[in-house]
Amino acid sequence: MGESMYKFTIDRLRLGLFLLAACLMVTGCAAQSNPYLGQDLEESCGTDDSGNLAYCIGYLRGMDNAVSAFFEEGGVNEFSDLYCIDQDPSYSDQRQIILDWLAAHPEKRQDSAWSVIHRSLSEAYPCPEISLEDLEKDLATSNPGS
């Protein structure tokens, strides 16, 4: 197994363990069979309760890691309209963007949390238009050994 595959496997294991730990911090998470919806995200992110805020930030970090993994593994073609965050906003900033977006779009509270995060952050941090040719050049220069 190549070094990059090994790193990817270890990173996925770390992400899985992190998400499991974050999930178990919230009472009843293991027994929850319903999908995590926008209203659930709003409830956990829109409170001052430390347990809910920890879950919210853990969920956002997990989504951030998942998006990064898609980009690193060439998933850009399948997810070309993901958000592109140039600077390094805090998870608190992202949380506020999501809460503001949900307040402006109350009809979306029944959508999946992934969809709510994706839509709100892609509006706040849109990706620039890029051609497939430019993308391939960028990938070739960032991964010269591939």
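The values are calculated or read from the model by the stated rules, or taken from the named source; none is laboratory data. As the structure is a computational prediction, the values presented were derived from the model and not from experiment. Neighbour counts run over all protein chains shown; Cβ positions are idealised from the backbone, glycine included.
From the residues in the range 83-111 that are hydroxyl-bearing (Ser, Thr, Tyr) and free of Cβ contacts under 8 Å to residues at least 40 places away in the same chain, which one is surrounded by the most Cβ atoms within 10 Å (Cβ to Cβ)? Walk me through how you get there before you give the answer.
Let us first name the residues in the range 83-111 that are hydroxyl-bearing (Ser, Thr, Tyr), namely 83, 90-92.
Still in the list and also free of Cβ contacts under 8 Å to residues at least 40 places away in the same chain: 90-92.
Numbers: 90: 9, 91: 16, 92: 13.
Checked the range 83-111; the qualifying residue surrounded by the most Cβ atoms within 10 Å (Cβ to Cβ) is 91.
Need a quick list: helices (runs of 4 or more DSSP H) entirely within the range 1-113 having at least 1 residues that are at pLDDT below 65.
Working: elements: 3-24, 38-45, 50-72, 91-104.
Output list reads 3-24.
Go through (1) surrounded by fewer than 16 Cβ atoms within 10 Å (Cβ to Cβ); (2) modelled with pLDDT of 90 or more for residue 131 and report which single condition fails.
All conditions pass for residue 131, except number (2).
From the set of residues in the range 116-128 that are surrounded by 10 or more Cβ atoms within 10 Å (Cβ to Cβ) and not in a helix (DSSP H, G or I), which is modelled with the lowest pLDDT? Let's see the steps before the verdict.
Taking the range 116-128 as the starting set, the residues that turn out to be surrounded by 10 or more Cβ atoms within 10 Å (Cβ to Cβ) are 116-127.
Those still in the list that are not in a helix (DSSP H, G or I) too: 125-127.
Working: 125: 85, 126: 82, 127: 75.
Looking at the filtered set, the residue picked out is 127.
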